[in-house]
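A short worksheet on the structure shown next.
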Amino acid sequence: MAEALTDTGLDLLFRSARTYTAWLDKPVSDGTLRDIYDLLRWGPTSANCSPLRIVYIKSLEAKERLRPHLSAGNVDKTMAAPATAILAQDMAFYDQFPRLFPHRDLRSSFLGKDDLIRDTAFRNSSLQGGYFILAARALGLDCGPMSGFNNKTLDAEFFPNRPFKSNFICNLGYGDKDKLRPRGPRLEFDEACNVL
């Protein structure tokens, strides 16, 4: 049986982790960005479909390409972040089934089934997005996930010839704790859960 994380680990991933909007002037290395993916890819997805695709934005040129697609309230915090990840879903993820799930011919069961493709890609890329945040936190980064952007224009800018659709974006770096707002409450167990 696996050993549970210590309180320190649980705090790092959940209890003390926050959504940051202000960042210290400290870069995030390309190696750390690679390490995030190398951790998150082990999280489960339906039939190992793994539809998440990531574009990391670090350069000033790339940030300027991203700027016009952001909602007004997300511009300053995104421009100040050391890195921003566009988390997208590959709408042709099923083409990878022969390699990722060789036990059965699942690719043919998705061909021409747009609703199944859309639902599977969205559900599983969102799941992998959660793994992304946990992996980044596990590596000592702070995160600022958000959905305030124009998916259609962002996709045209960053994925013009690829079957990718953006799901959400996430700023990454080392958060400025002095600029955090008080933490919002969470629902209690009895408000959110039932045990049957």
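A few notes on this one:
- In order through the stretch 172-177: 3J(HN,Hα) via Karplus (6.51 cos²θ - 1.76 cosθ + 1.60), integer Hz, x for Gly, Pro: 9, x, 10, x, 8, 4
- Centroid-to-centroid, using Cα positions, the stretch 136-196 and the stretch 96-131 are 22 Å apart.
- Taking amide H positions as modeled 1.01 Å from N, with prolines and chain starts lacking one, the residues under 5 Å from Ala85 and 5 or more places away or on another chain are Ile57, Cys170, Asn171, Leu172.
- Surface calculation, 1.4 Å probe, protein heavy atoms: Val55 sits at approximately 40 Å² accessible.
- Taking amide H as placed 1.01 Å from N in the peptide plane, the amide H of Phe164 sits under 5 Å from that of Met91, each at least 5 places away or on another chain.
- Residue-wise HN-Hα couplings along the stretch 68-84, as the Karplus relation 6.51 cos²θ - 1.76 cosθ + 1.60 with θ = phi - 60° gives them from phi, are x, 9, 8, 5, 3, x, 9, 5, 4, 5, 6, 5, 7, 5, x, 8, 10 Hz; Gly and Pro carry x.
- For the stretch 42-50, 3J(HN,Hα) per residue [Karplus equation, 6.51 cos²θ - 1.76 cosθ + 1.60, θ = phi - 60°, Hz, x = Gly/Pro]: 7, x, x, 9, 4, 6, 6, 5, 6
- Listed values (i) 16.8, 53; (ii) 19.6, 62; (iii) 18.1, 53, entry calculated as Rg and Dmax of the Cα atoms in Å: (iii)
- Using the rule -39500 (n - 2.57) for each DSSP H run of four or more residues, divided by the residues of the chain, the 222 nm mean residue ellipticity is -10000 deg cm²/dmol.
- Amide hydrogen neighbours beyond the local backbone of Phe149, cut-off 5 Å, H modeled: Ser71
The values are calculated or read from the model by the stated rules, or taken from the named source; none is laboratory data. Keep in mind that what you see is a predicted model, and the values were worked out from it rather than measured. SASA here: full protein model, heavy atoms, side chains in, ligands and nucleic acids out. Shrake-Rupley method; radii C 1.70, N 1.55, O 1.52, S 1.80 Å.
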